[in-house]
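See below for the structure under consideration.
Bear in mind these aren't lab numbers, they're just calculated from the coordinates by the rules spelled out. These figures come from a predicted structure and were not determined experimentally. Note that we place each Cβ from the backbone using ideal geometry, even for glycine, and neighbour counts take in every protein chain shown.
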Amino acid sequence: MTLTKATHASKSGDFGKRKAYIKRYWQLYALLSLPLIYFLIFRYGPMYGVQIAFKDFNLFQGINGSEWIGLEAFREVFAMNDFYITLRNTFMLNFLDLLVSFPAPIILAIMLYEIRNAWFKKISQTLLYIPHFISWVIIGGIVYQLFGTQSGMVNAILQGLGMDPLPFLTDKNSWLITYLFTGVWQSAGWGTILYLAALTGVNKELFEAADVDGASRMKKIWHITLPSIKPTIITLLILNLGKMVSIGFDRPYIIGNTAVREYSDVLSTFVYRIGLESGQYTLATVVGLFQAVVGLVFILGSNYISKKVTGDGIM
């Protein structure tokens with residue numbers, strides 16, 4: 001009985017401390033409520049519509065009025081040849097993006113961090129950030145103006161030099177290279193922000209000690225700079241691996257065309273075709289749910305492997 005009373009008193013004391021803490025810092029909790037409300041309304045609220053994947057959805061009858069069909073829509077989607085082609089392309093483009101685009105902001109951040117001239121550093125950062133704020137529609141127009149086979153500026157220069165034009169946007173392999181490096185140009189500068197923030201916390205005494213030991217700049221980068229941002233790199237890598245099965249609609253749709261559809265047709269454009277163009281909302285929801293589940297498996301799996309191999313993870 002005494003032990004029970006002591007436990008109850010301990011719990012009451014802990015509750016009182018938490019209540020006092022919340023009362024003292026209520027402004028922080030009030031600020032936290034805003035993103036929580038956002039997620040509840042715009043992230044968790046739409047999950048109600050996931051049941052469309054298990055219904056023969058009728059736009060006029062609504063979600064509740066539509067007939068349940070179980071897993072029939074899943075069987076129909078998994079029997080489509082186009083689904084596997086777009087799934088393959090999604091994995092391929094995301095994997096190549098990971099190989100090409102993921103290291104780019106790390107390298108850029110280290111280069112910016114090593115620059116000692118303050119004004120040059122600020123100008124470089126500004127120029128690198130600007131592409132992130134340009135719409136993919138505008139970027140698509142720039143790409144076609146530069147790399148179009150007939151009217152592109154690059155091919156006009158090549159023809160002026162007596163060379164044959166290159167099919168940047170009409171040959172699937174050339175298009176793939178153009179797609180990847182356009183993505184690097186658009187995202188690399190903005191991606192440096194997190195790494196530069198992590199680098200500001202590096203202990204300067206480590207570099208001073210390395211200078212005393214006669215370490216070269218490359219050795220300091222390899223043994224001090226990179227290990228210092230290792231947790232940030234691992235966290236962002238895990239988050240990127242979780243997106244392997246999801247891909248943005250605008251980039252492949254705007255830069256792609258019928259000549260390279262074998263590579264440019266991805267799950268997001270597939271959902272657009274069967275969902276908005278064909279009105280098959282049930283099938284589109286099935287593909288979206290498939291992406292969400294596989295993405296969750298990827299992010300949990302990569303986090304587990306990261307913890308086992310390096311001891312670092314995000315969960």
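Worth pointing out:
- Two-decimal Rg/Rh across the range 158-298, once Rg and the Kirkwood Rh are taken from alpha-carbon atoms: 1.15
- Distant alpha-carbon pairs in the range 1-140 (separation over 17 angstrom), percent: 83 percent
- For Leu206 and Ala292, the FRET efficiency from 1/(1 + (r/R0)^6), where r spans their Cβ atoms and R0 equals 35 Å, is about 0.25.
- Projected label distance in nm at Leu40 and Gln159, using a 7 Å step from Cα toward the beta-carbon: 6.1 nm
- Globularity index of the chain, i.e. its alpha-carbon radius of gyration over 2.2 N^0.38 Å: 1.32
- At R0 = 30 Å, FRET efficiency that the Cβ-Cβ distance of Glu277 and Leu99 yields, to 0.05: 0.40
- Taking the alpha carbon gyration tensor of the range 184-247, multiplying each eigenvalue by 5 and rooting it gives semi-axes of 29, 12, 10 Å, largest first.
- Each of Asn203, Gln159, Ile233 was placed along the dipole of the chain (beta-carbon charges, centred on the mean Cα), and the one lying farthest toward the positive end is Asn203.
- Reference-scaled alpha-carbon Rg (2.2 N^0.38 Å with N residues) for the range 255-303: 1.38
- In the chain, a dipole from Cβ-located charges (positive for Lys and Arg, negative for Asp and Glu) runs towards its positive end, and of Ser101, Gly141, Ile305 it is Ile305 whose Cα lies farthest in that direction.
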